[in-house]
Amino acid sequence: MEKINISTNSFEDTMKHGIDFSKNLQVGDIIGLIGDLATGKTTFVKGVLEGLGYNYTVSSPTFTLINNYEASLDVMHVDFYREPNINRWVELGFRELIYSSGLVLIEWADLIPDLIPSEAMMIKFEHINENERKIYTL
């Protein structure tokens, strides 16, 4: 996976960078997304999915916990925000699930770091000002 260090100035710009990032993804990649509310995590995921050929609605799995998308890669989109209890994720079979998907994108990955495999790429999203975001690989 290619490391990133970018600044974005709009929703469209963040989407474009997600599309560009998707070009280097492959089966087995696990990406953790870290950042405060409204820093662009889900927008970036929308761009990744568009880049993988998915042309339907993409929403944050905040309340569903996991969304699956069939694109050029099978994508599992996870959100730890509403369920930070590691035991619940273990009971759901999370560790097995992440290795059975083509690509895994985990929002709020820093909330349960013990579930994130060491080979995962971690990407940080930060507010710079009202419109600008900094997105970079940790």
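The loop-placed GluC sites (Glu not before Pro) in the range 1-74, going by DSSP, that have at most 14 neighbouring Cβ atoms within 10 Å of their Cβ come out as Glu2. Amide H to amide H, with H built 1.01 Å from N, Ile4 comes under 5 Å of Thr137, counting only residues 5 or more places away or on other chains. Each of Met122, Met76 has its accessible area taken with a 1.4 Å probe; listed largest first, they run Met122, Met76.
Ordered from highest to lowest accessible area with the whole protein assembly present and a 1.4 Å probe, Arg82, Arg95, Arg133 read as Arg82, Arg95, Arg133.
Relative contact order for the range 68-138 using alpha-carbon pairs under 8 Å, separation at least 6, rounded to a whole percent?
Details: 75 pairs, mean separation 20.2, N = 71.
Here the relative contact order equals 28 percent.
Packing-based ranking of 85-92, 61-68, 28-35 yields 28-35, 61-68, 85-92, ordered from highest to lowest mean Cβ neighbour count within 10 Å. Computed with every protein chain present, the accessible area of Ile19 is close to 40 Å² [probe 1.4 Å].
From the alpha carbon centroid of the range 97-138 to that of the range 31-63 is 11 Å.
Computed from backbone phi, the HN-Hα couplings of the range 14-19 come to 5, 4, 4, 5, x, 4 Hz, rounded to whole numbers (Karplus: 6.51 cos²θ - 1.76 cosθ + 1.60, θ = phi - 60°; Gly and Pro given as x). In the chain, helical runs assigned H by DSSP with n ≥ 4 each contribute -39500 (n - 2.57); averaged across all residues and rounded to the nearest 500, the mean residue ellipticity at 222 nm is -7000 deg cm²/dmol. Rg and Dmax of the chain, both derived from C-alpha coordinates alone, stand at 13.8, 40 Å. Mind running the shape call on the range 38-100? Use the C-alpha gyration tensor, a ≥ b ≥ c as the square roots of the eigenvalues: rounded below 1.5 for a/c, prolate if a/b tops b/c, oblate otherwise. Verdict is oblate for the range 38-100.
Leaving ligands, DNA and RNA out of it, work out the accessible area of Met15 with a 1.4 Å probe and give it in Å² to the nearest 10. Ignoring ligands and nucleic acids, Met15 comes out at about 30 Å². The relative contact order of the chain comes to 35 percent, based on Cα pairs under 8 Å that sit 6 or more residues apart. Close amide H pairs (under 5 Å, H built 1.01 Å from N) link Asp74 with Gly102, Leu103, residues at least 5 positions away or on another chain.
The values are calculated or read from the model by the stated rules, or taken from the named source; none is laboratory data. Treat the numbers as computed from the prediction; the structure is a model and nothing was measured. Positions of Cβ are generated from backbone atoms using ideal geometry, with glycine treated the same way; all protein chains shown enter the neighbour counts. Surface accessibility is based on the protein's heavy atoms, side chains included, excluding ligands, DNA and RNA. Shrake-Rupley method; radii C 1.70, N 1.55, O 1.52, S 1.80 Å.
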